[in-house]
Amino acid sequence: MSGLRLAWIKFSRDRLAFTGFLIILCLILTALFAGVLAPYPEDTFKIRPAERLKPPSLKHFLGTDSMGRDIFSRLLFGARITLIISIIAVGASLLIGVPLGLIAGYFENWLSELIMRIADVFLSIPQIILAIFLAQTLGPSIPNVILALSITYWPWFTRIVFAETRVLKNAVFIEATEALGTGPLQTIVLHVLPNVSSPIIVRSSIGMGYTILTAAVLGFLGVGAQPPTPEWGVTIAESRQYLPEAWWYATFPGLAIFLVVLGFNMFGDGLRDILDPRIRRGFE
Amino acid sequence: MSRKVLFYIVRRFLYFAPTILALLILVFFISRVIPADPAALVAGEMATPQQIETLRHYYGFDKPLHIQMVLYFQQLIQGDLGKSLYSGRKVITDLFDRFPATLELTIVSMMISILVGIPLGIVAALKRNSVLDHMLRGLTVSGLAIASFWLGIMLQLSFGMWLGLTPLGARIGVPEPKFVTGLFILDSILTLNGNALLSALKHIALPAITLAFPSFATIMRFTRSGVLDVMQKDFILYERAMGLPPGLIVYKYLLRNAVISTVTQIGLLFGLLLAGAVVIETVFDWPGLGLYAYNSIVLSDYQAILGVTLLAGIAYVAVNLIVDVVLTLIDPRKAEE
Amino acid sequence: MDQNLKEALLVVTKLIVQFHTDRGVVKALDGAELRVGKGEVVGLIGESGCGKTTMARSILRVLPSGGRIINGAVFFKGRDLLAMEERDLNTSVRGKMITLIPQDPFNSFNPVFSVGTQIKDILKWKGEAKANRGIDETIIWDMLGQVQIPSPEGQLKKYPYQFSGGQRQRLMIAMALLPSPDLVIADEPTTALDVTVEAQILRLMTGLVRGREISVLFITHDLGVASEVCERIVVMYAGQDMEDGPAEILFSDPRHPYTIELLESLPNPEGKIRDIPGEVPSLIHPPEGCRFHPRCPSARGSCSRQRPERVEVALGHWTRCFHPVR
């Protein structure tokens, strides 16, 4: 049985990871097909003053907001925004963080020290605060949020890749390839990288969850997306003044965030259990 | 304390010093080098071109970069973080003013996370795979997925608005207790002010619980896996085989080993709490640094945000240093590194 | 010395132990039996996975989670340990009448407590009057001296990582002897040590034990060590006891086919190692009857259906085999 097939079987048996995977799948489909799935796709920009703040009903599944817009439709489009922000942010962090981690781990010189210290510095300020600071400097907008998130998340990738690379570096097979005269670049890309891919994947999934949360916080604080963008955090911020009467306004976007982050976390956890050979099973 | 441990502590100090230095430089870089016009940023949106020019000259933004950096460090050492647009006062004064509120909130949250998280983590580990364990693990997973500001709003909605059990915001509903430390709970105890104590506790309940939730989930998770890990170890088997009372094994031997993994997380947790403070204070109208940061965002009060960022960074590094030292005292092997 | 004359201190009868794991139920011990006399050093030998450690843990009733004692009895000084109250067992037997020298001295100490704390805790919580009777340190120092730890007075404050492997094992021996036990279970005590250190430790152990009429259940997979140290040897395979006899006789005149194969697998002077043909069986689906029968050159007839009973083939020498050799 090929390794991939075995991994898939293990994976589908792990209810947690599988559920997470399904949730992520739903998120992606929702984001892609929001225009088709939403009953009121025009509500991303159109307002209906007559239907302000209506509770959930057959006409509007999750009620309407302060401008009479259908919350359900806006949530679906919000999924698209959330996904875009997070994928790009995590992707960028990965592209910055992984190579730096590989270099720092493989070489044991002043460069490694420097890279890791820089990573430490970025990690020394809590991410949200640094993201707020950056966003304020650059001006509040979605692209700047993505930038801020990327700049604050890359050290996590670097740290984990660094640790794994260091361990691997001393493994016999790396010494063997070095002895054969393979240059460092080749060694890193062909030999080290495939072996650190599992922690990277796990970290990416958990990173997605974390980034989605942080992006929502930034939206809530008004530092990222701005109204009338149907971003989930922005919607919750809008809803505050209409509580407690319009409870649906705040509740559903939050539930959406919760479900999505949960999905990524479960998936990441499940992946970690499968991919990490160091987990002990059975007795003793 | 052995000499080795002392040396280790000194070494850690020396390690962190450049980090703080680099942090300060990073903030400088972001605030002076990146923006197109740092003066306009600091001056705010309402400023006239003339005001911007005055500011530019006052802060020295018209000077070359390396001179600016010198000025920057000079100001920092003197504790000059500029003026807040909003309050008109020095930023550093504002920070000192708002600090106790956030400190109190953070301390109470940390206490809740630890006092609830560690025991529950131990219970979950000892009763592994039981119904209780699964429920607790469900709680852990949720704790890390819930947006804390949303949780705060939901709690506010249910306990504050619908049930009317807790106040909706602010730090206290009766006149403040006499100032001793600035921490209302402590001060009301010290000055024997029952009214203030009650009010302070009622007001801090929801914000602290909300803020504590993700940290509590993390602590519980790490304690649980820490205990499970230790339970597998050979020395636990040996202790059992040699007839040590089970209570002793759990509360003395196992606990210390497990707590070590949790203590390493506390530094990280503090960062979580700091970050969370911004949103929680906003939601609950808690007059601390977080709300200050939020207001500064709304008003584009740049110097204020810069001040908060610096403070957060330095505090975070300081706490990590302290945690490191404490760890060495608990686990003497660390000093060997 | 004649087996019959020695009073039996420990008698394990028909012990059946199973482990429940993700992969199925592991039938680790299948009606295993064992006898240790007063003051006797009995070796328990066999390949890894044959159940030696499980036997030790079952005697002390400290099986890992998933482990269950299904049947059998462990008579110690006349009482069945398996029927005893847990509390009783803990305060009067474990770490007092029966002590353990574990396999891995590196990991058997708790790293974050001083050596002294751990030694005292083992001595403190025993007997009816529990709680903090002050422990006389001089007794501990004396024992440390006997296990050849230099300047014992200053050692108690130190942490385990400050001692070498050999020293840690000496400490383990000291801890095993301090409570004045009747039986010491030594689980592969020298496996984790250097060969040079091993010899010292073995000498130390045999010396200390001989003086005090202490029984030892010496578990090992190393036949050479067993032959040096043990008076009597029990051979185990796949959870079943196979042969039981005085050491010299077992080595010179083995009767069980497995014992013979085991002895022949030892490197001979020409340096050739002969493998025993076949594989160690899965304990989840073990063979019926005598578990060695699939690999046994003498297997026939009832070997695959029934488990042989203990038969005395010579004075003090038992075997479980339908067709013992010669």
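The values are calculated or read from the model by the stated rules, or taken from the named source; none is laboratory data. These figures come from a predicted structure and were not determined experimentally. Please note: Cβ atoms are built from the backbone with ideal geometry, for glycine as well, and neighbour counts cover all protein chains shown.
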* Asked: Just wondering, is there one or more residues in segment B:182-194 that are free of Cβ contacts under 8 Å to residues at least 12 places away in the same chain and within 14 Å of chain A (Cβ to nearest Cβ)?
  -> no
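Do we have residue B:154 as surrounded by fewer than 15 Cβ atoms within 10 Å (Cβ to Cβ) and part of a helix (DSSP H, G or I) here? Working first, answer last.
On the way: surrounded by fewer than 15 Cβ atoms within 10 Å (Cβ to Cβ): no; part of a helix (DSSP H, G or I): yes.
No.
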* Is it true that some residue in segment A:163-172 is under 22 Å from the mean Cα position of the chain (by Cα) and within 13 Å of another protein chain (Cβ to nearest Cβ)? -> no
* **Verdict on residue A:177 being modelled with pLDDT of 85 or more, among the β-branched types (Val, Ile, Thr) and in a helix (DSSP H, G or I)** => no
* Which numbered condition residue B:161 misses (of (1) surrounded by 19 or more Cβ atoms within 10 Å (Cβ to Cβ); (2) in contact with a Leu (Cβ under 8 Å, 6 or more places away or on another chain); (3) hydrophobic (A, V, I, L, M, F, W, C)) -> (1)
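Report yes if residue C:87 is surrounded by fewer than 20 Cβ atoms within 10 Å (Cβ to Cβ), among the basic types (Lys, Arg) and more than 26 Å from residue C:235 (Cα to Cα), otherwise no.
yes
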* To do: Check off (1) out of contact with any Phe, Trp or Tyr (no Cβ under 6 Å at 6 or more places or on another chain); (2) under 19 Å from residue A:123 (Cβ atoms); (3) within 11 Å of another protein chain (Cβ to nearest Cβ) for residue B:300 and give me the number that stays unchecked.
  => (2)
* Asked: Out of curiosity, is residue A:215 closer than 26 Å to residue B:281 by Cβ, more than 9 Å from chain B (Cβ to nearest Cβ), of a type outside the set (Lys, Arg) and assigned to a helix (DSSP H, G or I)?
  -> yes
* So is residue A:155 closer than 26 Å to residue B:302 by Cβ, within 11 Å of chain B (Cβ to nearest Cβ) and crowded, with 24+ Cβ neighbours inside 10 Å or not? -> no
* Asked: Consider residue B:274 against the criteria (1) within 8 Å of another protein chain (Cβ to nearest Cβ); (2) assigned to a loop (DSSP other than H, G, I, E, B); (3) touching a residue at least 40 places away in the same chain (Cβ under 8 Å): it satisfies all of them except one. Which criterion is unmet?
  -> (2)
* **Selection count, segment B:129-153, where residues are facing chain A (nearest Cβ under 7 Å) and either aliphatic (A, V, I, L, M) or touching a Pro at 6+ places or on another chain (Cβ under 8 Å) (or both)** => 7
* Name the single residue, out of those in segment C:108-125 being assigned to a loop (DSSP other than H, G, I, E, B) and either modelled with pLDDT of 85 or more or more than 7 Å from chain B (Cβ to nearest Cβ) (or both), that is nearest to the chain's Cα centre (by Cα). => C:108
* To do: Could you list, in sequence order, all residues of segment A:104-150 that are farther than 30 Å from residue B:299 by Cα, touching a residue at least 60 places away in the same chain (Cβ under 8 Å) and either assigned to a helix (DSSP H, G or I) or facing another protein chain (nearest Cβ under 8 Å) (or both)?
  => A:104, A:105, A:106
* Does residue B:168 qualify as being outside any helix (DSSP H, G or I), under 23 Å from the mean Cα position of the chain (by Cα), on the phi < 0 side of the Ramachandran plot and aliphatic (A, V, I, L, M)? -> yes
* Could you grab me the full set of residues in segment C:57-80 that are surrounded by 15 or more Cβ atoms within 10 Å (Cβ to Cβ), within 14 Å of chain B (Cβ to nearest Cβ) and not in a strand (DSSP E or B)? => C:57, C:58, C:59, C:60, C:61, C:62, C:63, C:66
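Conditions tested, residue by residue: (1) touching a strand residue (DSSP E or B) at 6+ places or on another chain (Cβ under 6 Å); (2) under 28 Å from residue C:91 (Cα atoms); (3) among the hydrophobic types (A, V, I, L, M, F, W, C).
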site: C:148; (1), (2), (3): no, no, no
site: C:154; (1), (2), (3): no, no, no
site: C:158; (1), (2), (3): no, yes, no
site: C:174; (1), (2), (3): no, yes, yes
site: C:197; (1), (2), (3): no, no, yes
site: C:202; (1), (2), (3): no, no, yes
* Asked: If you go through segment B:55-65, how many residues are assigned to a helix (DSSP H, G or I) and either buried (at least 16 other Cβ atoms within 10 Å of the Cβ) or modelled with pLDDT of 80 or more (or both)?
  -> 3
